[in-house]
Amino acid sequence: MNRFRTLTLALLGTLAVAPTAFAQDGTDTSGKRFAIVGGYALSEPTKDPTIGGTPAKVDGDGAATLSASYYITDNIAVEAWGAADKFGHRVSTATGKTASVAAQPYALSGQYHFGSSSQTVRPFVGLGYFESNFSEETATPTGPLAGQRIGLETAKGAIATVGVDANFHPNWFARADVRYLHGNSDVKIDGVDAGEAKLNPVVVGVGLGARF
C-alpha cells in the first residue's frame, strides 16, 4: 500500500507540474502513427473477496508493463496494453496469510488524446476491454486452506484509463496513467465454487515511450 501511495503521489505531482514545466510549444508529432511504451505499475485491489464464506484481503503489487498504440488520427488511438510480468498478490484473512496468487492483465482500448500534435503536454482518456489471467494459486501450508487446491477463473470486463503524455523529443515522451479494471473472477476450492473475487484493481503507472 505504501508503494502504491508513493507512485500515486508521484503521478499526481507530474500532472500538477507538467503544464508549468512544459508551458512552451511542444515538439510536433503529427503523422507519427505508432507508439510503444515500457513502464512500471502498481496494482491495488479496491474490493476484497469472500472465500468460502470468510472475508479476505488481497494486497497490491508492482510489475513491468508494455503497450503498443496505433494512432488513427493525431487524436484517436487504439492501444494494446498489458503486464509484462505478473502482479503477485498475498491473500490474508483474520488468521493471517491464507494464500498467494499471481495476476497478469492485458487490455485493448480506444483512446482520445486532447489538444494538437504540437503540444508538449497531452492528456488522454481511454475505454476498452480487459482480461486478467490468474496463476500460481497456492494455499499457505499453515493457513485455513492448507492442503486444498485453489483456482481463480480469468477476470473479464471493462477498463477505463486517464493519463498524460509529456513529449520532449519528436520520437520520445514520458507517460503517467491510471487504469481501473472492473471485472469478476469465480473462486473454486478443490473444484467447488467458493465465491467471487471482485478485485476491481486500480493500476497506477509511469513509463517511457517512443513514437514513430
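Name the residue that is surrounded by the most Cβ atoms within 10 Å (Cβ to Cβ), counting only residues in segment 200-212 that are in contact with a Leu (Cβ under 8 Å, 6 or more places away or on another chain) and more than 10 Å from VAL178 (Cα to Cα).
PRO201
Look through PHE114, PHE130 and report the one residue that is of a type in the set (Phe, Trp, Tyr), surrounded by fewer than 18 Cβ atoms within 10 Å (Cβ to Cβ), touching a Phe, Trp or Tyr at 6+ places or on another chain (Cβ under 8 Å) and closer than 22 Å to ARG179 by Cα. Even if it seems obvious, please write down each step before you answer.
Numbers: PHE130 fails: surrounded by fewer than 18 Cβ atoms within 10 Å (Cβ to Cβ).
The unique qualifying residue is PHE114.
When segment 171-205 is examined, which residues are found to be outside any strand (DSSP E or B) and on the phi < 0 side of the Ramachandran plot? If you could, list the steps in order and put the result at the bottom.
Our first condition is that a residue be outside any strand (DSSP E or B); within segment 171-205, this holds for 171, 190-191, 198-201.
If the condition is that a residue be outside any strand (DSSP E or B) and on the phi < 0 side of the Ramachandran plot, then ASN171, LYS198, LEU199, PRO201 are the ones that fit.
Can you name every one of the strands (runs of 3 or more DSSP E) wholly within segment 56-153 that holds 2 or more residues which are of a type in the set (Phe, Trp, Tyr) and within 22 Å of the chain's Cα centre (by Cα)? Walk me through how you get there before you give the answer.
Working: elements: 61-71, 76-83, 87-93, 96-113, 121-139, 150-152.
It comes to 61-71, 96-113, 121-139.
Which residue pairs have Cβ atoms under 6 Å apart, sit 6 or more places apart or on different chains, and have a first residue in segment 56-69 that is among the basic types (Lys, Arg) and a second that is surrounded by fewer than 22 Cβ atoms within 10 Å (Cβ to Cβ)?
That search, which allows pairs on different chains as well, returns LYS57/ASP48; LYS57/SER92.
Can you tell me how many residues in segment 154-173 are over 15 Å from the mean Cα position of the chain (by Cα), without any contact (Cβ under 8 Å) to a residue 60 or more places away in the chain and surrounded by fewer than 20 Cβ atoms within 10 Å (Cβ to Cβ)?
Here the count works out to 2.
Just the residues that are over 19 Å from TYR180 (Cβ atoms), out of contact with any Asp or Glu (no Cβ under 6 Å at 6 or more places or on another chain) and not hydroxyl-bearing (Ser, Thr, Tyr), please, taken from segment 79-97. Walk me through it before giving the result.
Taking segment 79-97 first, the residues over 19 Å from TYR180 (Cβ atoms) are 84-86, 88, 90-97.
From what is left, the residues that are out of contact with any Asp or Glu (no Cβ under 6 Å at 6 or more places or on another chain) are 84-86, 91-97.
Result: ALA84, ASP85, LYS86, VAL91, ALA94, GLY96, LYS97.
Could you list all residues from segment 119-167 that are out of contact with any Pro (no Cβ under 7 Å at 6 or more places or on another chain), under 18 Å from SER69 (Cβ atoms) and of a type in the set (A, V, I, L, M, F, W, C)?
Result: PHE124, VAL125, LEU127, ILE159, ALA160, VAL162, ALA166.
For VAL162, state whether it is over 17 Å from ASP59 (Cβ atoms) and either of a type in the set (Gly, Ala, Ser) or part of a strand (DSSP E or B) (or both).
Details: over 17 Å from ASP59 (Cβ atoms): yes; either of a type in the set (Gly, Ala, Ser) or part of a strand (DSSP E or B) (or both): yes.
When the stated conditions are applied, VAL162 passes them.
(1) out of contact with any strand residue (DSSP E or B) (no Cβ under 8 Å at 6 or more places or on another chain); (2) surrounded by 14 or more Cβ atoms within 10 Å (Cβ to Cβ); (3) modelled with pLDDT of 90 or more: which one isn't true of LYS47, the others all being true?
With (1) out of contact with any strand residue (DSSP E or B) (no Cβ under 8 Å at 6 or more places or on another chain); (2) surrounded by 14 or more Cβ atoms within 10 Å (Cβ to Cβ); (3) modelled with pLDDT of 90 or more applied to LYS47, the lone miss is (2).
Would you pick out the residues in segment 160-184 that are of a type in the set (Ser, Thr, Tyr) and either in contact with an Asp or Glu (Cβ under 8 Å, 6 or more places away or on another chain) or farther than 16 Å from ALA83 by Cβ (or both)? Full working, then the answer.
As a first pass, look at segment 160-184 and keep what is of a type in the set (Ser, Thr, Tyr): 161, 180.
Within segment 160-184, THR161 is the sole residue that qualifies.
The values are calculated or read from the model by the stated rules, or taken from the named source; none is laboratory data. As the structure is a prediction and not an experimental result, all values here were calculated from the model. All Cβ positions, even for glycine, are placed from backbone atoms using ideal geometry, and neighbour counts span all protein chains on display.
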